[in-house]
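Report on one structure; see the data block that follows.
The values are calculated or read from the model by the stated rules, or taken from the named source; none is laboratory data. Just so it is clear, the structure is predicted and the values come from calculations on it, not from any experiment. Here the Cβ positions follow ideal geometry from the backbone for every residue, glycine too, while neighbour counts run over all protein chains shown.
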């Protein structure tokens with residue numbers, strides 16, 4: 001295995017992390033969150049559908065398996081992207097991602113209750129520690145908590161729930177279909193569903209593409225065409241990270257991939273601080289560190305267990 005193989009997942013996380021404050025800039029520049037989510041889904045759909053047509057055309061499932069892939073796309077991709085963009089539009093990037101990245105803890109709970117898979121005592125201790133960190137990140141008991149938009153917190157917890165669903169259902173789907181096929185069917189389903197229902201393309205705010213757009217914050221002096229900024233977010237902030245992550249997981253395995261994946265919220269928090277001046281309090285930073293550290297530890301403990309059928 002080449003050294004560069006270990007750089008694929010971290011590279012994906014860096015690109016996707018930087019894309020989070022860029023998403024906030026696009027939303028602040030009057031591009032509704034639902035249309036930003038639509039653009040992201042279209043980018044992923046085009047990349048992976050093309051991948052399937054070129055290399056996996058004869059492995060596309062039919063019948064019930066195809067139906068499960070379509071449901072996975074609508075719920076696990078469309079729903080997740082929508083919840084993510086809505087939460088970032090209402091909360092500081094660091095707080096939104098801290099809540100969203102409690103998903104592995106939900107996965108551990110699901111495996112215990114539904115799959116009857118025993119969880120070591122360490123997992124429960126880490127989950128309790130993560131909840132403490134989450135409380136600190138949200139500013140529970142202080143002025144910070146009362147200032148948080150309730151809708152933003154709800155959307156962020158929705159991210160955690162749908163992220164957990166994405167991981168758990170995706171794990172099942174990958175037992176019978178290659179990863180490019182899963183995304184090559186699910187992503188177009190998500191894009192078509194979303195652009196025909198909640199974000200119809202015929203109502204797309206074209207002025208967001210034709211007008212010039214400031215990058216905001218400490219980069220406010222940089223003004224680019226809105227279409228170029230959105231295209232960057234679609235290609236380098238969404239489609240390319242998805243592809244790099246998928247290829248990287250295939251080469252280095254899921255354990256390293258999951259551990260490396262925790263780089264994304266850290267990069268996003270740092271980028272939001274340096275770029276758009278989203279500064280967290282010292283207690284919130286401590287809470288984020290506790291949550292991320294607990295999640296890494298839970299993933300490591302669970303990776304050493306046998307996989308339940």
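Which residue out of 32, 21, 61 is farther than 14 Å from residue 193 by Cα and surrounded by 24 or more Cβ atoms within 10 Å (Cβ to Cβ)? Lay out the reasoning, then the answer.
Working: 32 fails: surrounded by 24 or more Cβ atoms within 10 Å (Cβ to Cβ); 61 fails: surrounded by 24 or more Cβ atoms within 10 Å (Cβ to Cβ).
None of the others qualify; the one that does is 21.
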Report task. Within segment 41-71, count every residue that is farther than 11 Å from residue 188 by Cα and part of a helix (DSSP H, G or I). Result -> 14
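Take residue 106 and tell me if it is under 30 Å from residue 206 (Cβ atoms) and either assigned to a loop (DSSP other than H, G, I, E, B) or in contact with a helix residue (DSSP H, G or I) (Cβ under 6 Å, 6 or more places away or on another chain) (or both).
So residue 106 fails the test.
Only one residue in 150, 199, 160, 128 is buried (at least 21 other Cβ atoms within 10 Å of the Cβ) and either closer than 20 Å to residue 26 by Cβ or out of contact with any helix residue (DSSP H, G or I) (no Cβ under 7 Å at 6 or more places or on another chain) (or both), so which one is that? Spell out the reasoning first.
On the way: 150 fails: buried (at least 21 other Cβ atoms within 10 Å of the Cβ); 160 fails: either closer than 20 Å to residue 26 by Cβ or out of contact with any helix residue (DSSP H, G or I) (no Cβ under 7 Å at 6 or more places or on another chain) (or both); 128 fails: buried (at least 21 other Cβ atoms within 10 Å of the Cβ).
The conditions single out 199.
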Query raised in the report: So, in segment 206-239, of the ones that are at pLDDT below 90, closer than 27 Å to residue 50 by Cβ and in contact with a helix residue (DSSP H, G or I) (Cβ under 7 Å, 6 or more places away or on another chain), which residue ends up surrounded by the fewest Cβ atoms within 10 Å (Cβ to Cβ)?
Result: 209
Query raised in the report: Here is a list of conditions, (1) surrounded by 24 or more Cβ atoms within 10 Å (Cβ to Cβ); (2) closer than 19 Å to residue 181 by Cα; (3) modelled with pLDDT of 90 or more, and residue 77 meets all of them except one; can you say which number that is?
Result: (3)
Query raised in the report: Hey, any hits in segment 94-114 for a residue that's surrounded by 15 or more Cβ atoms within 10 Å (Cβ to Cβ), farther than 29 Å from residue 301 by Cα and over 18 Å from the mean Cα position of the chain (by Cα)?
Result: no
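Give me a count of the residues in segment 280-299 that are outside any helix (DSSP H, G or I) and either over 20 Å from residue 19 (Cβ atoms) or in contact with a strand residue (DSSP E or B) (Cβ under 9 Å, 6 or more places away or on another chain) (or both).
Taking segment 280-299 and keeping what is outside any helix (DSSP H, G or I), we get 280-281.
Cutting the leftovers down to either over 20 Å from residue 19 (Cβ atoms) or in contact with a strand residue (DSSP E or B) (Cβ under 9 Å, 6 or more places away or on another chain) (or both) gives us 281.
Number satisfying all stated conditions: 1.
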